[in-house]
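The values are calculated or read from the model by the stated rules, or taken from the named source; none is laboratory data. Bear in mind the structure is a predicted one, so any value in this text is a computation, not a measurement. Cβ sites come from the backbone with ideal geometry, for glycine too, and all protein chains shown count toward neighbours. Surface areas here come from the heavy atoms of the whole protein model, side chains and all, with no ligands, DNA or RNA. Shrake-Rupley method; radii C 1.70, N 1.55, O 1.52, S 1.80 Å.
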Amino acid sequence: MNKKIGFIGLGQMGIPMAKNLISAGYQLQVYNRTISKADELDSASIVVCQTPAEAAGGVDIIITMLSEDEIVKETVLGDQGILKTLAKNGLHISMSTISPDIARLLSNEHKNAGSRYLAAPVFGRPEAAAAKKLWICTSGDQQSKEIAKPVLENLGQGIFDFGEDAGGANVVKVAGNFMIMASLEMMAEAYTLAEKSGLDRLKVAEFFGSTLFNTPLFQNYGKLIAGKQYQPVGFKSKLGYKDARIAFKLSQQAESPMPIVSVVHNRLLSAVAKGWGDTDWVEGFGRGVSEDAGV
């Protein structure tokens, strides 16, 4: 395999992922809108590119880790986009949370251009990315999955196949993020109720995290919410709001009632409206519920 690959998107998730690929022996052609982010990577193992097209030139695989549908579309289809230079049969692995509709659009555009597309969104915060503990969901054609596997194995602890439809893995990702958001709202409400009733909310969280809800989600997020620990920022409220919008849209398209989607959507909309968009979504839920309760 060609050990030179492209990598676009050096944010809080992209940086640790790129570092793991470098540690695995890959040479990266990197692009990021803020070029200085590349300074965090080993300069001997990267080529800093000025456009997505440059990052995709001369490689068999390019990874994108970008936050918004329109940014991903422009990165792929724009005048300086990936499709301008990606080799025939070259593979684009899209690893961020985007809508299934955009994933299908990009898959078709790649097919028309003679290249490949694989949806591979991930579950995990930056610390999980750094530890190669991401859970990776994939959807697309089987050959693309086989090509991507050696690369993806350097980024996560498990790869799960969700079929041929390019949008399938993104449906799973949006559904998973919805369940996380619903859990954050539930924990924030429960621990605030405990606090207003004169109890130690941390002690209550420790009880639930070790008994009825003995899972990493309730242990890790529960501790942050109960302790009102909102730093460092791992996942921004404005990105959670974006995911809530996608979940809401999907529920309408599928004619699948999801009343709790409205709750988490409004919670994160409120956080963004209050100027908390760049804070961790734990703060969006935890602080939002606490302020509603007057504590």
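Worth pointing out:
- Test: residue in the stretch 82-100 that is open to solvent by 40 Å² or more (accessible area, probe 1.4 Å) and closer than 28 Å to residue 251 by Cβ: no
- Whichever residue in the stretch 210-235 is farther than 16 Å from residue 128 by Cα and of a type in the set (Ser, Thr, Tyr) and, among such residues, is surrounded by the fewest Cβ atoms within 10 Å (Cβ to Cβ): 211
- The numbered conditions (1) farther than 30 Å from residue 253 by Cβ; (2) among the hydrophobic types (A, V, I, L, M, F, W, C); (3) open to solvent by 60 Å² or more (accessible area, probe 1.4 Å) are all true for residue 131 except (3).
- Tally of residues being among the basic types (Lys, Arg) and either closer than 25 Å to residue 180 by Cβ or modelled with pLDDT under 95 (or both) across the stretch 116-158: 3
Listed here are the residues, each with its yes/no results for (1) surrounded by 18 or more Cβ atoms within 10 Å (Cβ to Cβ); (2) closer than 29 Å to residue 78 by Cβ; (3) without any contact (Cβ under 8 Å) to a residue 40 or more places away in the chain.
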site: 111; (1), (2), (3): no, yes, yes
site: 120; (1), (2), (3): yes, yes, no
site: 127; (1), (2), (3): no, no, no
site: 143; (1), (2), (3): no, yes, yes
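- Strands (runs of 3 or more DSSP E) wholly inside the stretch 1-51 that include at least 1 residues being under 22 Å from the mean Cα position of the chain (by Cα) and surrounded by fewer than 18 Cβ atoms within 10 Å (Cβ to Cβ): none
- Some residue of the stretch 195-209 being within 19 Å of the chain's Cα centre (by Cα) and crowded, with 19+ Cβ neighbours inside 10 Å: no
- Spans of helices (runs of 4 or more DSSP H) in the stretch 119-229 with at least 3 residues among the β-branched types (Val, Ile, Thr) and in contact with a helix residue (DSSP H, G or I) (Cβ under 7 Å, 6 or more places away or on another chain): 168-196
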